[in-house]
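Just below is one structure, and these are the notes that go with it.
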There are 2 protein chains.
Amino acid sequence: MAEENIIFVGKKPTMNYVLAVVTQFNNNVDHITIKARGKAISKAVDIAEITRHKFIQDAKYGNIKVETEVLQGERGESNVSSIEITLTR
Amino acid sequence: MAEENIIFVGKKPTMNYVLAVVTQFNNNVDHITIKARGKAISKAVDIAEITRHKFIQDAKYGNIKVETEVLQGERGESNVSSIEITLTR
(Lines give C-alpha, C1' and ligand atoms only; values in the text may rest on other atoms or scores of the structure.)
Protein backbone atom coordinates (compact mmCIF):
# COMPACT_ATOMS: atom_id res chain seq x y z
CA MET A 1 0.00 0.00 0.00
CA ALA A 2 1.27 3.46 -0.94
CA GLU A 3 0.29 4.93 2.45
CA GLU A 4 2.89 2.80 4.19
CA ASN A 5 5.64 4.68 2.37
CA ILE A 6 4.82 8.05 3.94
CA ILE A 7 6.47 9.38 7.11
CA PHE A 8 4.73 12.36 8.75
CA VAL A 9 7.17 14.48 10.75
CA GLY A 10 5.92 15.84 14.07
CA LYS A 11 7.33 16.65 17.48
CA LYS A 12 9.31 13.47 18.19
CA PRO A 13 13.13 13.55 18.12
CA THR A 14 14.71 13.56 14.67
CA MET A 15 16.33 10.14 15.12
CA ASN A 16 12.95 8.48 15.71
CA TYR A 17 11.94 9.42 12.19
CA VAL A 18 15.33 8.48 10.73
CA LEU A 19 14.90 5.03 12.29
CA ALA A 20 11.40 4.76 10.74
CA VAL A 21 12.78 5.64 7.29
CA VAL A 22 15.73 3.25 7.59
CA THR A 23 13.45 0.44 8.79
CA GLN A 24 11.15 0.86 5.79
CA PHE A 25 14.08 0.84 3.35
CA ASN A 26 15.35 -2.33 5.02
CA ASN A 27 11.92 -3.89 4.41
CA ASN A 28 12.59 -3.59 0.67
CA VAL A 29 10.53 -0.46 0.11
CA ASP A 30 12.06 1.37 -2.88
CA HIS A 31 10.75 4.89 -2.18
CA ILE A 32 9.68 6.79 0.92
CA THR A 33 8.06 10.21 1.17
CA ILE A 34 8.81 12.40 4.19
CA LYS A 35 6.09 15.01 4.81
CA ALA A 36 6.23 17.99 7.17
CA ARG A 37 4.52 21.30 7.80
CA GLY A 38 5.67 24.61 9.28
CA LYS A 39 8.64 24.49 11.62
CA ALA A 40 8.96 20.71 11.16
CA ILE A 41 10.15 21.33 7.58
CA SER A 42 13.74 21.84 8.80
CA LYS A 43 13.51 18.55 10.68
CA ALA A 44 12.28 16.75 7.55
CA VAL A 45 15.39 17.92 5.67
CA ASP A 46 17.60 16.75 8.54
CA ILE A 47 15.89 13.34 8.51
CA ALA A 48 16.50 12.93 4.78
CA GLU A 49 20.13 14.04 5.00
CA ILE A 50 20.98 11.90 8.04
CA THR A 51 19.36 8.88 6.37
CA ARG A 52 21.43 9.40 3.21
CA HIS A 53 24.75 10.16 4.89
CA LYS A 54 24.76 7.76 7.83
CA PHE A 55 22.51 4.81 6.96
CA ILE A 56 21.29 4.36 3.38
CA GLN A 57 24.14 5.72 1.29
CA ASP A 58 22.57 4.67 -2.00
CA ALA A 59 19.36 6.59 -1.34
CA LYS A 60 18.77 9.41 -3.81
CA TYR A 61 16.39 12.32 -3.90
CA GLY A 62 13.31 11.95 -6.04
CA ASN A 63 10.81 14.77 -6.14
CA ILE A 64 10.97 17.57 -3.55
CA LYS A 65 7.61 19.37 -3.50
CA VAL A 66 6.76 22.53 -1.61
CA GLU A 67 3.24 23.91 -1.22
CA THR A 68 0.86 25.82 1.03
CA GLU A 69 -1.84 24.06 3.02
CA VAL A 70 -4.89 25.87 4.37
CA LEU A 71 -5.72 24.79 7.92
CA GLN A 72 -9.15 25.32 9.49
CA GLY A 73 -8.86 26.45 13.08
CA GLU A 74 -11.15 27.94 15.73
CA ARG A 75 -10.09 31.41 14.66
CA GLY A 76 -10.60 30.78 10.94
CA GLU A 77 -8.24 29.74 8.20
CA SER A 78 -4.48 29.89 8.38
CA ASN A 79 -1.85 29.10 5.77
CA VAL A 80 1.08 26.84 6.49
CA SER A 81 3.90 25.77 4.19
CA SER A 82 4.57 22.09 3.69
CA ILE A 83 7.25 19.93 2.10
CA GLU A 84 7.29 16.44 0.64
CA ILE A 85 10.71 14.87 0.15
CA THR A 86 10.86 11.56 -1.71
CA LEU A 87 13.88 9.30 -1.23
CA THR A 88 14.44 6.39 -3.58
CA ARG A 89 17.00 3.59 -3.69
CA MET B 1 26.32 38.94 -11.75
CA ALA B 2 25.00 35.61 -10.57
CA GLU B 3 25.62 36.46 -6.92
CA GLU B 4 22.93 39.15 -7.03
CA ASN B 5 20.30 36.45 -7.60
CA ILE B 6 20.90 34.71 -4.27
CA ILE B 7 19.00 35.49 -1.08
CA PHE B 8 20.54 34.14 2.15
CA VAL B 9 17.91 33.57 4.83
CA GLY B 10 18.86 34.48 8.38
CA LYS B 11 17.19 35.86 11.48
CA LYS B 12 15.25 38.78 10.00
CA PRO B 13 11.45 38.59 9.71
CA THR B 14 10.11 36.47 6.85
CA MET B 15 8.56 39.43 5.05
CA ASN B 16 11.92 41.21 4.77
CA TYR B 17 13.18 38.36 2.61
CA VAL B 18 9.93 38.16 0.63
CA LEU B 19 10.33 41.87 -0.17
CA ALA B 20 13.92 41.25 -1.31
CA VAL B 21 12.80 38.44 -3.64
CA VAL B 22 9.89 40.47 -5.05
CA THR B 23 12.14 43.50 -5.59
CA GLN B 24 14.63 41.42 -7.56
CA PHE B 25 11.90 39.90 -9.73
CA ASN B 26 10.59 43.41 -10.41
CA ASN B 27 14.09 44.39 -11.56
CA ASN B 28 13.70 41.89 -14.41
CA VAL B 29 15.71 39.09 -12.83
CA ASP B 30 14.34 35.80 -14.22
CA HIS B 31 15.50 33.44 -11.49
CA ILE B 32 16.31 33.79 -7.81
CA THR B 33 17.82 31.23 -5.43
CA ILE B 34 16.80 31.27 -1.76
CA LYS B 35 19.41 29.61 0.49
CA ALA B 36 19.03 28.63 4.14
CA ARG B 37 20.60 26.41 6.77
CA GLY B 38 19.26 24.62 9.84
CA LYS B 39 16.12 26.04 11.40
CA ALA B 40 15.94 28.79 8.75
CA ILE B 41 14.99 26.11 6.18
CA SER B 42 11.31 26.35 7.20
CA LYS B 43 11.48 30.11 6.74
CA ALA B 44 12.99 29.70 3.25
CA VAL B 45 10.01 27.57 2.23
CA ASP B 46 7.61 30.18 3.66
CA ILE B 47 9.41 32.92 1.71
CA ALA B 48 9.08 31.01 -1.56
CA GLU B 49 5.43 30.16 -0.98
CA ILE B 50 4.41 33.68 0.11
CA THR B 51 6.22 35.12 -2.92
CA ARG B 52 4.37 32.78 -5.28
CA HIS B 53 0.92 33.09 -3.73
CA LYS B 54 0.75 36.77 -2.82
CA PHE B 55 3.13 38.67 -5.11
CA ILE B 56 4.61 36.92 -8.15
CA GLN B 57 1.88 34.52 -9.20
CA ASP B 58 3.72 33.44 -12.35
CA ALA B 59 6.85 32.36 -10.43
CA LYS B 60 7.53 28.63 -10.69
CA TYR B 61 9.84 26.30 -8.83
CA GLY B 62 13.08 25.40 -10.54
CA ASN B 63 15.49 23.13 -8.74
CA ILE B 64 15.07 22.44 -5.00
CA LYS B 65 18.37 21.11 -3.65
CA VAL B 66 19.02 19.72 -0.18
CA GLU B 67 22.45 18.95 1.21
CA THR B 68 24.62 18.83 4.32
CA GLU B 69 27.20 21.51 5.06
CA VAL B 70 30.10 20.95 7.45
CA LEU B 71 30.68 23.96 9.69
CA GLN B 72 33.95 24.57 11.52
CA GLY B 73 33.37 25.80 15.05
CA GLU B 74 35.42 26.27 18.21
CA ARG B 75 34.36 22.80 19.35
CA GLY B 76 35.21 21.12 16.04
CA GLU B 77 33.07 20.24 13.07
CA SER B 78 29.31 20.12 13.03
CA ASN B 79 26.92 19.13 10.28
CA VAL B 80 23.98 21.28 9.28
CA SER B 81 21.36 20.67 6.61
CA SER B 82 20.82 23.31 3.95
CA ILE B 83 18.31 24.01 1.19
CA GLU B 84 18.47 25.94 -2.07
CA ILE B 85 15.14 26.83 -3.65
CA THR B 86 15.21 28.36 -7.12
CA LEU B 87 12.22 30.39 -8.32
CA THR B 88 11.90 31.30 -11.99
CA ARG B 89 9.42 33.41 -13.93
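The values are calculated or read from the model by the stated rules, or taken from the named source; none is laboratory data. Note that this is a predicted model, so its numbers are computed, not measured. Virtual Cβ from ideal backbone geometry, glycine too; neighbours counted across all protein chains shown. Ligands, DNA and RNA are stripped out before the accessible areas are found, and what is left, the full protein with its side chains, is counted by its heavy atoms. Shrake-Rupley method; radii C 1.70, N 1.55, O 1.52, S 1.80 Å.
So for B:I50, B:I56, what's the accessible-area order with a 1.4 Å probe, most first?
Numbers: B:I50 50, B:I56 5 Å².
Largest to smallest exposure gives the sequence B:I50, B:I56.
Computed from the C-alpha gyration tensor, the three semi-axes of the ellipsoid equivalent to chain A are 25, 13, 12 Å, from longest to shortest. Return one number: the angle in degrees, 0 to 90 and rounded to the nearest 10, between the long axis of the Cα atoms of helix B:14-26 and the longest principal axis of the Cα atoms of chain B. That works out to roughly 50 degrees. Most simply put, the protein assembly as shown has about 85% antiparallel DSSP beta bridges, counting only bridges with both residues inside it.
Helix B:40-50 and the longest principal axis of the C-alpha atoms of chain B enclose an angle of approximately 10°. Net charge near B:K11, counting Lys/Arg +1 and Asp/Glu -1 over other residues with Cβ under 11 Å of its Cβ? That sum, taken over residues with Cβ under 11 Å, equals +3.
How big is the antiparallel share of DSSP beta bridges in chain B, given as a percent to the nearest 5? Present the calculation step by step, with values, prior to reporting the outcome.
Details: 19 of 22 bridges.
So the antiparallel bridges in chain B amount to around 85 percent.
Once C-alpha pairs closer than 8 Å and six or more residues apart are averaged by separation and normalised to the residue number of chain B, the relative contact order reads 31 percent.
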